[in-house]
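Contents: one structure, followed by commentary.
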Amino acid sequence: MMLKRTVAAMAVLLVGPMLWAAEPGGSVRQAVPGNEAASVRSAASTRQAASVHEAAWGTAADGTPVKIFTISGHELTARIATFGARVVSIEAPDRNGRMADVVLGYDDVAQYEKDTNTYFGAIVGRYGNRIAKGTFSIDGKTYHIPLNNNGNALHGGPEGFSSKVWTARMIPDGVEMSLVSPDGDMGFPGTLTVHVRYSVEGHALRILYSATTTKPTVVNLTNHSYFNLAGDGKGSILDDVLMIPADRYTPVDATQIPTGELAPVKGTPFDFLQPTAIGARIDEDNAQLKIGGGYDHNFVLNGKPGSLHLAAKVYDPKSGRTLTVMTTQPGVQFYSGNFLDGKQHGKYGVTYEKYSGFCLETQHFPDSPNEPKFPSTLVKPGETMRSETEFVFGVRP
Ligand code: GAL
């Protein structure tokens, strides 16, 4: 298997930086030499393979059995459940080599199912983030998604992908989650077949997304993990130091729908070009920060969409843990956990207060189906939507 993987990786490198190449098992991988993720990958080619373990994890309310997969690498262990294809835990070392779970979540399926607001760890879709008034048109036909957020559709509507039990199969170093969303599911046109591959490779949790459709439709898939690099339940993330390579962001109206403007971050609390503590400016008298009670905005990444580029870097001074997010997507929603309110009782008996985790949701921009100037989220029959995101963990002194 190692040999096959090495050969596949070499094939990618030989054909060029932007191409996708078939991997054993019919999946795809994207290689972009000359960046951090590529070096993670080449280090990964000599590393020990991760082991994958499958277990039953109770049932959803309708009786469907749920499974959980534990992917144990040398440096990282991740648990992924089929309910919402969600990340339930990620254990990563701190600067002293002590492991801790660095994502928020619950102990069991029933709690995930009951909480329709946080989307802890889930794959959200068919359209992650918001669609204004749940309405958009394709080829002159108008579609309506049921509303679930201030008069808008959020994360695919009230029964989006985060509330589905996905099918799963083991793959080298990880698990592939699959979902067939029927034509008309939550109002979206076309039967959409989605595959999300999670793998632990060295210090990285790598996520590969692909989707095909039977009718033109819109797709925006992302992972909604909340990170607390000090450890799950270990207090506020406001001291964490964040860098986002984005000169612009998409300001929103009072219902959190983009105004359409790509506004410069310069001179605003949205300027994370230089590493800055998340909490340094969060309480400033800024109209955009007041709307969502903190950061809850899409940043327009400076990197080239389609190739793997940096989306964010975070450093937690307490534990020394760092998180580097790489993606092929054009944007990232930085959400500072503003709506956590102490009513969420998570793993390890902890309670999640406001700002006890942050999300970095790599994505297309919110409401793109209604903003012709934003990068398109349209997928047509015969095309395959593909994207990749890597969460790379490290430490600093
Ligand atoms: C984010 C969204 C927030 C909030 C959160 C879940 O993706 O932007 O406004 O809804 O999900 O609580």
key: Test result for I90, crowded, with 24+ Cβ neighbours inside 10 Å, away from the ligand (no atom under 16 Å from the Cβ) and not in a loop (DSSP other than H, G, I, E, B)   = yes
task = Tell me, please, whether a residue that is more than 13 Å from the ligand (Cβ to nearest atom) and touching a residue at least 60 places away in the same chain (Cβ under 8 Å) can be found in region 115-123.
result = no
inquiry  = Yes or no: region 185-193 includes at least one residue that is in contact (Cβ under 8 Å) with a residue 60 or more places away in the chain and in contact with a helix residue (DSSP H, G or I) (Cβ under 7 Å, 6 or more places away or on another chain).
reply    = no
inquiry  = Between Y127, Y143, which is farther than 27 Å from F334 by Cβ, modelled with pLDDT of 95 or more and not hydrophobic (A, V, I, L, M, F, W, C)?
reply    = Y143
message = Looking at region 204-217 only, could you name the residues that are surrounded by fewer than 24 Cβ atoms within 10 Å (Cβ to Cβ) and either over 24 Å from R169 (Cβ atoms) or not assigned by TED's automatic domain parsing to the domain that holds V66 (or both)?
response = K215, P216
remark   = Note: among G346, G342, G337, just one is closer than 18 Å to G233 by Cα and free of Cβ contacts under 8 Å to residues at least 60 places away in the same chain, namely G342
ask   = Taking T193, is it within 16 Å of the ligand (Cβ to nearest atom) and either in a strand (DSSP E or B) or at pLDDT 95 or above (or both)?
value = no
ask   = Of the residues G337, G294, G306, G331, which is within 16 Å of the ligand (Cβ to nearest atom) and closer than 20 Å to Y127 by Cβ?
value = G331
query = Which one of these does Y226 not meet: (1) crowded, with 24+ Cβ neighbours inside 10 Å; (2) in contact with a helix residue (DSSP H, G or I) (Cβ under 8 Å, 6 or more places away or on another chain); (3) under 23 Å from G346 (Cβ atoms)?
reply = (2)
request  = Could you check how many residues of region 93-114 are within 14 Å of the ligand (Cβ to nearest atom) and of a type in the set (A, V, I, L, M)?
outcome  = 1
inquiry  = Please count how many residues of region 353-390 are under 24 Å from K313 (Cβ atoms) and either within 16 Å of the ligand (Cβ to nearest atom) or touching a helix residue (DSSP H, G or I) at 6+ places or on another chain (Cβ under 6 Å) (or both).
reply    = 15
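The values are calculated or read from the model by the stated rules, or taken from the named source; none is laboratory data. Only a predicted model underlies this, so the values are computations on that prediction, with no experimental measurement involved. As a convention, Cβ positions derive from the backbone with ideal geometry for all residues, glycine included, and neighbour counts pool all protein chains shown.
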